[in-house]
Structure formats: C-alpha cells, structure tokens
Amino acid sequence: MSSDIFRFKVGDYECISVSDGTIAYPQEIFFANAPKERLEQVLRAHNLQPGEITVPYTCLVVKTGENLVLVDTGAGSLAPSTGKLLANLRSADIDAGKIDTVILTHGHPDHIGGNVDEEGKPLFPNARYVIHKDEWDFWVSKPDLTQLGVPDEMKQMLLAFAQKNLPPVKDRLRLIDGGMEIVPGIRAVSASGHTPGLTVLAITSGGEQLWHISDVALHPIHLEEPEWYCVFDLAPKKALTTKREIMERAAAENALVLGPHFPFPSLGRIAPKGAGWQWQPV
C-alpha cells in the first residue's frame, strides 16, 4: 500500500488517511511562546533538529455505508510539495465525484486549498460542503488579521486562499454549529480559538470512536507542552483552553485520535502524562 494512504476501521466505518503532501516550517511558527532553550531540548528528545519542522497535511475519508465523507481538502497549490490529494484518492480507489459530503474543519489554506481547481470550479462536484457558520462568516468578511504575529505576505496568503476557495462553494454550502450531527455517526464539536469556528469531529460507530482534532494541536509536542501555542492561533488563550477540553475528553474516552499535522498516518491515542498528555501513535 502507498505510504500516502492508510486504511483503518472505526466500528463499521472504513476510514482512510490520505496525504496531501508536506511542508517544512520554522519551529517558531508552531511554538510561538516556547522558551528557546526548552524548545531545543524538547525537539532533540523527539529526534528533531532545531530549525525547521516538516509536517504532513493529512485528509480523512470516511465510508459510513450511507455517505462518502471527506474531511478537509488539503493545501492545493500552497507549495510544490502539496496538492497530492486527488492523485492519492485515485490510488485509494476513491472517485472524487462520488464524495457526497466535504467537511471543512476551518478556513486556513491547508484545509480548504483543494476545494476548487484553478478555474474556480469545485473539485468535488457532487458534494455539499459543510463548515461552521462562525468560520464562514469570518473568512468571507475580509477579516482583520493584524493581531497575527506573521509577515504581511502570509496574512495576504490566508485571505487570498479564503477568497479563492470559499465563495465558489456557497451554492452547495451547509452551515453548522457545534453539537450538530453532520451525517449519521459524525458529529461536530465547537473548538474555537485557533480560528473562530474551528470544528472537531466525533466519529462514532459500533461502540468505537474517532476524534478528528483538526488544528486544536498541530504537533505531538503541543500535547506534552500544553501551554505552547501556534503563531496562527487567532485567540491563543482560548485555543489553549479548547485544547485542554478536547484532549481531556479524548483521553478519558480512550478514543482513536486523528491529528492532521501529526506524523502520517496521523492516527493514535492520547494518554495523560504530567501536566499534559502523551501521543501514542498507531
């Protein structure tokens, strides 16, 4: 099987982790408030050299028997190393035209970048697109991103991807709120902080559960160091509170967890450890 595709079961549901590619980022992007010496120590403990961190962009396909669901559409043209989702879906024998539901966990480029092609046409032509109403309202309103501690060109990139990839799906859009069931067995959980309408998914079948945590945590180190946040968190204090709530629930329920930026196939469990948690990959 391709190293970009990983199949697993959640109860009666067939699930597939599908890679859209990877990007290397400066470590400061992921750990904006981490003390330098402590960060270097933690990175080495993870066999990572200080400097850049390469992270995957993992999308999730869920076959429920009634619905064929795609969670996030990847980064598209964000970098030469991304935009592999469609090819990998074909390798997994998944027809993009048969996907009936596309859930967008939030409006960042690496989660909506594969919504449309270069002509602005939806790449999943028979799907309805689902996103939290607060997330949609934020990104289509030309938001003020001055509070983000990133260069102006990066802020412009965030806005440009939203303008390209969100309006073309408006006519096939379903706006949701936290606690809603999107399709049978897949429920939305509000997780604001990283963005205003970030959505976590609780996927349940046959007494088993999978939590798709989106960007509540972007790296296993965020579990071990629960007070460290990402430079892209729009509301860092709220993001940290949300992370603690979601991780405590996932750990207490011993659920499978998919963190789309955790090492591929981005799947594991979370166990309490000290003041935080430990990632236990499959």
Expressed in angstrom and rounded, the centroid-to-centroid distance over alpha carbons for the stretch 30-95 and the stretch 123-183 is 19 Å
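Give me the dipole magnitude in Debye, nearest 20, for the stretch 115-207 about the Cα centre, with unit charges on the beta carbon: positive for Lys and Arg, negative for Asp and Glu. Walk me through the numbers on the way to the answer.
On the way: 10 positive and 12 negative charges, 58 e Å.
For this selection, approximately 280 debye.
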If amide H atoms are modeled at 1.01 Å from N in the peptide plane, then the residues at a separation of 5 or more from residue 197, or on another chain, having amide H under 5 Å from its own are 135
Sorted largest first, the C-alpha extents of the stretch 133-216 along its principal axes in whole angstrom are 47, 30, 15
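Considering only DSSP beta bridges whose two residues both sit in the chain, what percent are antiparallel, to the nearest 5? Write out the running numbers ahead of the final one.
Working: 43 of 56 bridges.
Of the beta bridges lying entirely in the chain, close to 75 percent run antiparallel.
Would you calculate, for the chain, the mean residue ellipticity at 222 nm contributed by helices, counting each DSSP H stretch of 4 or more residues as -39,500 (n - 2.57) and dividing by all residues, to the nearest 500? Don't skip to the answer; put the middle values down first.
On the way: 8 runs with 67 residues, N = 282.
Counting only the DSSP helices, I get -6500 deg cm²/dmol.
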The answer for the per residue Cα convex hull volume of the stretch 1-123, in Å³, is 138 Å³
The convex hull of the Cα atoms of the stretch 221-282, divided by residue count, gives a volume in Å³ per residue of 78 Å³
Distance in nm between residue 148 and residue 119 label points, each 7 Å along Cα→Cβ, equals 3.0 nm
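At a 1.4 Å probe, what is the % contribution of carbon and sulfur to the accessible area of the chain? Mind showing how you got there, number by number?
On the way: 5810 of 11830 Å².
Ligands and nucleic acids excluded, carbon and sulfur give 49 percent.
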Using a 1.4 Å probe on heavy atoms of the protein chains only, the accessible area for residue 182 in Å², nearest 10, reads 10 Å²
Rg/Rh of the stretch 127-281 (Cα atoms, Kirkwood Rh), to two decimals, equals 0.97
Straight-line reach check, residue 237, cutoff 25 Å on alpha carbons, 8 or more apart in-chain or any other chain, hits among lysines -> 36, 133, 142, 155, 273
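In what sequence, largest accessible area first, do 205, 192 appear using a 1.4 Å probe? Mind dumping the intermediate values first?
Values: 205 10, 192 35 Å².
The ranking, largest first, comes out as 192, 205.
Taking each pair of different alpha-carbon atoms in the stretch 92-174 once, compute 1/r for the pair, average those values, and report the inverse of that mean as the Kirkwood hydrodynamic radius in Å to one decimal.
Values: mean 1/r = 0.0743 Å⁻¹.
In the stretch 92-174 this quantity evaluates to 13.5 Å.
About its Cα centre, how strong a charge dipole does the chain have in debye, to the nearest 20, once Lys and Arg get +1 and Asp and Glu get -1 at the Cβ? Let's see the in-between values first.
Working: 26 positive and 35 negative charges, 49 e Å.
Dipole about the Cα centre, nearest 20: 240 debye.
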Quick shape summary for the chain, equivalent ellipsoid via Cα gyration tensor, semi-axes whole Å in descending order, reads 26, 22, 18
For the stretch 1-83, listing GluC sites (Glu not before Pro) in a DSSP loop whose Cβ sees at most 10 other Cβ atoms within 10 Å gives 66
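The values are calculated or read from the model by the stated rules, or taken from the named source; none is laboratory data. Only a predicted model underlies this, so the values are computations on that prediction, with no experimental measurement involved. With ideal geometry, Cβ positions are generated from the backbone for all residues, glycine too; neighbour counts draw on all protein chains shown. Please note that ligands, DNA and RNA were not included when accessible areas were found on the heavy atoms of the full protein model with its side chains. Shrake-Rupley method; radii C 1.70, N 1.55, O 1.52, S 1.80 Å.
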